[in-house]
Amino acid sequence: MGGMYEELAEIYERAGFTRFSREMAPRVLELLRRFGVKPGRVCDLACGTGDAAVILAQQGYEVLGIDVSARMLAQARSKGGEAGVHVQWLQADARDFVLPRPVDAVTCMYDALNYLLTEEDLASAFRCVHTCLNPGGLFIFDMNTRAKLAQEWGTSERIEEVDDDLFFTWQSSYDHEVEVNTVVLTAFVRQAGGLYRRIREVHRERGHPVARVRSLCEAAGLEVRALGDVDLQPLQSDSERFLCVAQRPR
Ligand SMILES: C[S@@+](CC[C@H](N)C(=O)[O-])C[C@H]1O[C@@H](n2cnc3c(N)ncnc32)[C@H](O)[C@@H]1O
């Protein structure tokens with residue numbers, strides 16, 4: 001069984017996992033413009049295969065992409081090359097990173113912060129973000145809600161057929177005590193010759209309560225400017241994801 005995202009990297013895009021950040025990118029661009037971050041330097045934290053980072057670079061931002069997974073970064077690097085844009089890719093942990101130069105915004109998309117399983121880890125990430133932002137800089141991130149991890153995923157099994165050559169099984173189990181959903185993700189990828197290769201990874205996501213996320217942000221010195229669903233509309237009790245825009249005070 002491989003480390004998180006190390007094997008999945010190869011099929012991350014093919015499985016449709018880049019859709020969310022590609023759909024979010026125009027909204028993020030709008031937020032950056034609305035808050036005056038144009039032009040500017042942006043860091044996409046936990047950038048995965050780099051899709052959002054590449055879109056931001058194509059719009060004229062100077063971009064750094066950070067991820068802990070070497071293989072996700074390898075995919076990102078080749079996407080940046082294919083798109084003909086320059087992005088600086090760094091392998092680092094969200095809980096403990098420093099940037100070569102301060103940035104005007106940090107983005108972190110598609111529930112990457114749910115992978116930080118303790119409040120201390122989340123607080124460390126927020127402090128690193130605060131440190132690397134210029135005064136007035138923005139932090140835009142989304143997270144899965146506790147309702148999604150506890151109820152929508154809950155303790156369940158599902159099978160998803162992406163196409164004739166790729167399918168997944170997801171076995172989720174939610175531990176209410178620690179608010180963590182453990183997902184055993186198994187992918188079967190058809191190889192040349194017709195046999196399937198199995199990829200298996202275990203992913204853990206914590207459903208941090210929204211109010212705690214807000215107060216950890218504020219404790220790190222970041223002012224929460226907007227918090228809602230992905231369209232920044234008011235959150236409902238069954239909302240599956242929230243989006244937060246925080247700012248380092250000027
Ligand atoms: C669901 S993917 C999201 C990737 C990308 N942001 C996107 O929208 O497609 C989660 C990413 O978080 C990264 N990640 C998980 N824990 C991390 C950590 N502690 N530090 C940095 N990256 C981390 C994983 O390697 C993976 O690329």
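The values are calculated or read from the model by the stated rules, or taken from the named source; none is laboratory data. Keep in mind it's a predicted model, so treat the numbers as computed, not measured. No Cβ is skipped: glycine too gets one built from the backbone with ideal geometry, and neighbour counts run over all protein chains shown. Each accessible area value is taken on the protein alone, full model and side chains, heavy atoms only, with ligands, DNA and RNA left out. Shrake-Rupley method; radii C 1.70, N 1.55, O 1.52, S 1.80 Å.
How much of the accessible area of the chain, probe 1.4 Å, is carbon plus sulfur, in whole percent? Carbon plus sulfur share of accessible area: 46 percent. When the chain is described by a simple charge dipole with +1 on each Lys and Arg Cβ and -1 on each Asp and Glu Cβ, the residue from THR145, PRO249, VAL230 located farthest towards its positive end is PRO249.
Residues GLU205, GLU23, GLU6 ordered from highest to lowest accessible area at a 1.4 Å probe: GLU23, GLU6, GLU205. Under a 10 Å cutoff between Cα atoms, tell me which one of ILE55, ILE159, ILE140 has the largest fluctuation in the Gaussian network model of the chain. Evaluated over the chain, the most mobile residue of the options is ILE159.
Taking a quarter of the surface of the Cα convex hull of region 140-223 gives a mean projected area of 7.3 nm². Considering only VAL183, TYR196, PHE168, and ranking their Cα positions along the charge dipole of region 148-206 that arises from unit charges at the beta-carbon of Lys, Arg, Asp and Glu, the one farthest toward the positive end is TYR196. For region 105-166, the convex hull drawn through the C-alpha positions has a volume of 126 cubic angstrom per residue.
Between helix 19-34 and the chain there is an angle of about 0 degrees, using the helix long axis and the longest principal axis of the Cα atoms.
Here the convex hull built on the C-alpha positions of the chain has a volume of 120 cubic angstrom per residue. Taking Cα centre as origin and charging only the Cβ of basic (Lys, Arg, +1) and acidic (Asp, Glu, -1) residues, the dipole magnitude of region 148-206 rounds to 240 debye.
Sequence-ordered 3J(HN,Hα) estimates for region 142-152 from the Karplus curve with 6.51, -1.76 and 1.60 and θ = phi - 60° stand at 10, 9, 5, 7, 4, 4, 5, 5, 7, 10, 5 Hz, glycine and proline given as x. Residues in the chain average 47 Å² of solvent-accessible surface per residue, probe 1.4 Å, ligands and nucleic acids excluded.
Placing +1 on each Lys and Arg Cβ and -1 on each Asp and Glu Cβ, with no other charges, gives the chain a dipole about its Cα centre of roughly 840 debye.
Across the protein chains, with a 1.4 Å probe defining accessible surface, the residues ARG214, ARG34, ARG248 rank ARG34, ARG214, ARG248 from largest area downward. What angle do you read, to the nearest 10 degrees and between 0 and 90, between the alpha-carbon axis of helix 210-219 and the longest principal axis of the chain? The angle comes out at about 40 degrees.
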